[in-house]
1. Among residues belonging to the stretch 54-77 that are polar (S, T, N, Q) and surrounded by 13 or more Cβ atoms within 10 Å (Cβ to Cβ), point out the one that is modelled with the lowest pLDDT.
2. Starting from the stretch 45-74, take each residue that is closer than 14 Å to I115 by Cα and list its partners that are at pLDDT below 85 and surrounded by fewer than 14 Cβ atoms within 10 Å (Cβ to Cβ), counting only C-beta distances under 8 angstrom and pairs at least six apart or across chains.
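The values are calculated or read from the model by the stated rules, or taken from the named source; none is laboratory data. What you are looking at is a predicted structure, and each value in this text was computed from that prediction instead of being measured. We place every Cβ from the backbone using ideal geometry, glycine too, and count neighbours over all the protein chains shown.
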Amino acid sequence: MTRWYAKWVALMLLLVSGCGDSPTPQTPATSPTSESLARTEFDKGVAFAEREDWDTAIACFSAAIRLKPSDPASHPVTPADIVATIYRCLGINPDTPVYEPNGRPVPVRHGGQPIEELLA
């Protein structure tokens, strides 16, 4: 009980007195640009992809594209390209057909090409 009380008192002291030596919060010298934020999101996506956390990596890459929309104009990416990239990461050959329950082959490829910039 006393340990919990000590933590509570320390937290209240920090909240009342502040966490820094300056009375006002400091602002960064320059505000981050959309390009720097996009680069940060892209780097986070690469880190998640290296850990094979694909859904988080794709979310980070999507955030990077939203933050710097000029890139998709110069490198258009379609949903089929994203699917092809995921297949490449998972090791699925896009030319291999998937068979329906009635035996009809359905191509896996949706016409997209893997996004080489993400795989480099």
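1. If we take residues in the stretch 54-77 being polar (S, T, N, Q) and surrounded by 13 or more Cβ atoms within 10 Å (Cβ to Cβ), then S62 is modelled with the lowest pLDDT.
2. I65/P72
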